[in-house]
Structure formats: C-alpha cells, structure tokens
1. Please work out how much length the chain gains when fully extended from ASP228 to GLU59, using 0.36 nm per residue of separation minus the C-alpha to C-alpha distance, in nm with one decimal.
2. Excluding ALA173 itself, calculate the net charge of residues whose Cβ lies under 11 Å from the Cβ of ALA173, where each Lys or Arg counts +1 and each Asp or Glu counts -1.
3. In nanometres, what is the gap between the two model label sites at GLU67 and ILE107, each 7 Å from Cα along Cα-to-Cβ?
4. With everything on Cα atoms, drop me the angle between helix 193-209 and the longest principal axis of the chain, reported from 0 to 90° to the nearest 10.
5. Counting other beta carbons within 10 Å of each Cβ, put CYS232, CYS163 in order, fewest first.
6. Using per-residue counts of other Cβ atoms within 10 Å, averaged over each peptide, order 5-15, 190-200, 107-117, 143-153 from highest down.
7. For the pair CYS170 and ARG34, what calculated FRET efficiency results from E = 1/(1 + (r/R0)^6), where r is the Cβ-Cβ distance and R0 = 41 Å, to the nearest 0.05?
8. Any idea how many Lys pairs in the chain come in under 18 angstrom at the alpha carbon, given 8 or more places apart or on separate chains?
Amino acid sequence: MKNLRSIMNGLVLKLKRAIHRHGFRGLLWIATERIVRLADSLRPSVRAEIRMRERRAAEFDQRFGVETGGLIHPTELSINSPNQIHSVSYGGSDPEFFRKAVEALPIDYHDFTFIDFGSGKGRAVLLAKEFAFQKIVGVEFCNELHAIAQDNLMRFRSELSKCENTELICADAMAYPLPDGCLVCYFCNPFDAVLMTHMLLNIRESFLQNPRDIFVVYYNPKEAHVIDVADCFTSVATVGPVRIWRTMPESQACPSATIDNSYGYTTTA
Ligand SMILES: C[S@@+](CC[C@H](N)C(=O)[O-])C[C@H]1O[C@@H](n2cnc3c(N)ncnc32)[C@H](O)[C@@H]1O
C-alpha cells in the first residue's frame, strides 16, 4: 500500500514537472503524438521498417563519425521563433531513400543549389554531399540542433563527398531568401500545412520573378496536398516515402494564378 502511494506521488510529481516545462497544451500535444506513434509502431510491418531505418541511421553515424540520430519533440528544444508551434519532431532522413530520391532527379547537379529546409543535425546535408551540387545549404531554427550539425559537418570525412561548398544557417526557414539559380528544395516533413503553404508561396514568388528549374523533394510528405494544388508545380516522381515536384515553365505565363492560402499563415518569422 505504501509502495503504491509512493508510485502515485512520483507520477503526480512527474506530471507537475512536465506541465511546468511544456505547458498543458504542449503536454497534450506530446502525449497525442506519442500515442499515435505507439499505435502505429505496434503493427509488425511498421515495426520491421522502423528497425531497418534505425539500423541504417546508426550505420551512417558510425561510418562517418557523426551523431544524427534520435527523435526529439519541438517542445524539448529551445527554439526562439513563433513558428515553433508549426514544427514537427526532429528525426533524420533515411539514408537509403534520400540517396534514391536525389539519384532520381533528372538534372546535372553542378547546375543546382540544394537547400534543406529544417536541416536538424545535418544528416540530409551530409548525404547531399555525395552529389556534385554547386552548393549545399542547411537552414535550421533550433540553436542546439544547428550546433550539432556544425560539429557533424566539421567531423564528417567521406571519400564519397563531391561538394565542399556547404553552408549551415541558423534561421527560421520562412526568413531565408531563396538564392537565384536552379534549386533543389528539400523538406523532410519539417512543418505543418500552414508553414508549408507559406514556404510554397515564397518559392512560387521567387520562381515568377526569376523563372528557373526548381525541384521540391519532400520526404514523408504529410502536407503533399499543398503542393499538388499549387499552380506552378507538377508532380514528377515518387521514390518510396519521397515525392518530387518540378516547376512548370508554362506557369510563367499566368502570374495571377495562386496557391490556396486558406491555412491563413499570418505569423512572420
Ligand atoms: C524531421 S527533421 C529533418 C532533419 C533533416 N532535414 C534531415 O532530413 O535529416 C525537421 C527539422 O526541421 C526543423 N524546423 C521546423 N520548423 C522550422 C522552421 N520554421 N525553420 C527552420 N527549421 C525548422 C526542426 O527543428 C527539425 O530539426
């Protein structure tokens, strides 16, 4: 009986601490996400797939002497941006599907800048170095993750590396001005439909001002519908959990056409 009471007291204390740290809404958010993930992970096929991806991620870290693993909820990180509420958990791209998706791009890599929006600990940025991009950029708004990515980039030694022009920027992806030139815009499910819509509006505006080849490569494309209805993109490929879209040259002719902004993004970074 005494044991049960001390367990209950311990649980209440833990709950109080968690509410203090994350707030009631934050805690509800974490709990819901974890329950959904747990329910999903109970399916044997999903369990096997998760194990395989974890193994590939661990192999990647071990081989290149870096640390890109883990799953971290945004409320567990210190992020100084109003857009934190639109962010999803940190988790690196699966190396195998990343490589297959980038290999499927019908491009000469030398002509393109690769940008990872929400670069986290830098796994996708490091993987992109296996391709001869003109430049690789990672944009991450969490200081802690950005610092780990910088450390990883410094330690990363790979005989496979074909691009040394790599830049990591600690900033909100919404505030990052798109460079001129052809682009591969990479998203590993970094944020919700609100920010994805805003991001697409930025890409579209940049494209209409300066029509060029822009690819959107979207891993775990939870908000794919936002791009599917956008007037200046066409879906070109699906590689496992990755979807790829490309700008359509003919949409230069219809600058009045729009992207549905019914998600109503109003917060500025
Ligand atoms: C699923 S992780 C992807 C990590 C990395 N791109 C990879 O594929 O290995 C998504 C990342 O996006 C970041 N993120 C979310 N919203 C962001 C924003 N508005 N600006 C910059 N980074 C953001 C998160 O902090 C997290 O590190």
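Read-outs throughout are calculated quantities, based only on the coordinates presented, and are distinct from any laboratory measurement. Predicted model only: the values in this text are computed from it and were never measured. When we count neighbours, we look across all protein chains shown, and the Cβ atoms used for this are built from the backbone with ideal geometry, even at glycine.
1. Stretched fully, the ASP228-GLU59 segment lengthens by 57.4 nm.
2. Residues close to ALA173 contribute a combined charge of -3.
3. Taking the simple label geometry, GLU67 and ILE107 are separated by 3.2 nm.
4. 20
5. Values: CYS232 26, CYS163 17.
Fewest-to-most Cβ neighbours within 10 Å comes out as CYS163, CYS232.
6. Top of the packing list down: 190-200, 107-117, 143-153, 5-15.
7. On the way: r = 28 Å, r/R0 = 0.68.
Here the calculated transfer efficiency is 0.90.
8. 5
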